[in-house]
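The values are calculated or read from the model by the stated rules, or taken from the named source; none is laboratory data. Only a predicted model underlies this, so the values are computations on that prediction, with no experimental measurement involved. All Cβ positions, glycine included, derive from the backbone under ideal geometry; neighbour counts span all protein chains shown. Please note that ligands, DNA and RNA were not included when accessible areas were found on the heavy atoms of the full protein model with its side chains. Shrake-Rupley method; radii C 1.70, N 1.55, O 1.52, S 1.80 Å.
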Amino acid sequence: FLKVSKKKITYEDDKEGVLFILSDVTFLKKLERIRSDFVANVSHELKTPLTSIKGFVETLKDGAIDDKDIAIKFLNIVEVEVERLVRLINDLLYLSEIENVAMPILEEKVVIEEVMTESIELLKIKAEKKNIQLDVKVQEGLEMNIYRDWLKQIFINLIDNAIVYNKENGKVWVTVEKSDSIVVIKVKDTGIGIPEREIERVFERFYRVDKGRSRKLGGTGLGLSIVKHIVELYGGKVWVESQEGIGSEFTVTIPIGKKADLHQ
Ligand code: ADP
């Protein structure tokens, strides 16, 4: 995209001329599009559960409330939708927090094993419900400089997906170890896998391979974009290798001593 602007100029000998300025605004246009796509996505994601809540509330008011069984069923659906809205708003707030360069605390010395134990504690029941075995190995005494809550968010988002997109009686392997001066986090599952053509896209905001399934499972489509954002803030990388029907392996690498780059 080129923007053309015109400027009248006067030369030293008083002759007049016109100066045409061509500026490349491709980047700005792209940014504008990303922004408006984001707003459209957010509006859609908020509207879907709200429409559903409104529908069930109206049906209840129109008489369904008199049948206790139906009323409870509808109220349960309303509750699930409200919970999903809360999760979505939390994820959105989280994204804006990460993107806010003025965050006061960005690094602290963190014992990785402790953060992992806290994260697993939150996900244990979810794994048990599907009879999924969690095999977690963190290199003993491993420490790194990172904002503790963000490391926890990386663990939770990756392990939660490994449970959610897994099969009943499946398995999840988590390893964290140091290789040279890099912390390598791996989360592997025996889940449904990701089709090859979608692999690059799963880190995009709101992208889901199967929108219906993700929504039903309570997904917001923001988890992996949050992981990517945090990891890149610390100069790291995240990628996934996957085979449909067999499973996926997410790898995160974060350089240990590097300071967070707030201007990227
Ligand atoms: P969601 O809230 O939908 O889980 P994420 O950003 O965490 O959003 O993930 C984006 C999409 O990537 C998911 O909807 C799902 O289709 C796919 N995905 C993520 N993790 C896995 C996994 N471990 N196995 C299979 N598919 C996955």
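Hey, does the range 246-261 have a residue that's at pLDDT below 90, hydrophobic (A, V, I, L, M, F, W, C) and more than 14 Å from the chain's Cα centre (by Cα)?
Within the range 246-261, one or more residues are at pLDDT below 90, hydrophobic (A, V, I, L, M, F, W, C) and more than 14 Å from the chain's Cα centre (by Cα).
Which one of these does Lys186 not meet: (1) surrounded by fewer than 19 Cβ atoms within 10 Å (Cβ to Cβ); (2) closer than 26 Å to Ile125 by Cβ; (3) near the ligand (Cβ under 7 Å from one of its atoms)?
If we test Lys186 against (1) surrounded by fewer than 19 Cβ atoms within 10 Å (Cβ to Cβ); (2) closer than 26 Å to Ile125 by Cβ; (3) near the ligand (Cβ under 7 Å from one of its atoms), just (3) comes out false.
So, in the range 5-57, how many residues would count as being farther than 23 Å from Asn90 by Cβ, open to solvent by 90 Å² or more (accessible area, probe 1.4 Å) and either touching a residue at least 24 places away in the same chain (Cβ under 8 Å) or of a type outside the set (Ser, Thr, Tyr) (or both)?
16
Consider Val110 carefully, then state whether it is open to solvent by less than 50 Å² (accessible area, probe 1.4 Å) and under 17 Å from Pro255 (Cα atoms).
So Val110 fits the description; yes.
Look through the range 197-209, keep the residues that are in a loop (DSSP other than H, G, I, E, B) and among the hydrophobic types (A, V, I, L, M, F, W, C), and return whichever of them is surrounded by the most Cβ atoms within 10 Å (Cβ to Cβ).
Ranking the candidates gives Phe206 first.
If I ask for residues that are open to solvent by 70 Å² or more (accessible area, probe 1.4 Å) and near the ligand (Cβ under 9 Å from one of its atoms), which ones from the range 210-243 would you list?
Once the filter is applied, which keeps residues that are open to solvent by 70 Å² or more (accessible area, probe 1.4 Å) and near the ligand (Cβ under 9 Å from one of its atoms), the range 210-243 yields Asp210, Lys211, Arg213, Leu217.
Yes or no, residue by residue, for (1) open to solvent by less than 40 Å² (accessible area, probe 1.4 Å); (2) farther than 25 Å from Leu233 by Cβ; (3) part of a strand (DSSP E or B):
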| site | (1), (2), (3) |
| --- | --- |
| Ile120 | yes, no, no |
| Lys126 | no, yes, no |
| Lys137 | no, yes, yes |
| Asn157 | yes, no, no |
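Only residues that are within 9 Å of the ligand (Cβ to nearest atom), outside any loop (DSSP other than H, G, I, E, B) and either open to solvent by less than 10 Å² (accessible area, probe 1.4 Å) or of a type outside the set (Asp, Glu) (or both): list them for the range 160-171, please.
Selection gives Asn161, Ala162, Ile163, Val164.
Tell me which of these Val174 doesn't satisfy, since it passes every other one: (1) surrounded by 15 or more Cβ atoms within 10 Å (Cβ to Cβ); (2) free of Cβ contacts under 8 Å to residues at least 60 places away in the same chain; (3) in a strand (DSSP E or B); (4) more than 13 Å from the ligand (Cβ to nearest atom).
(4)
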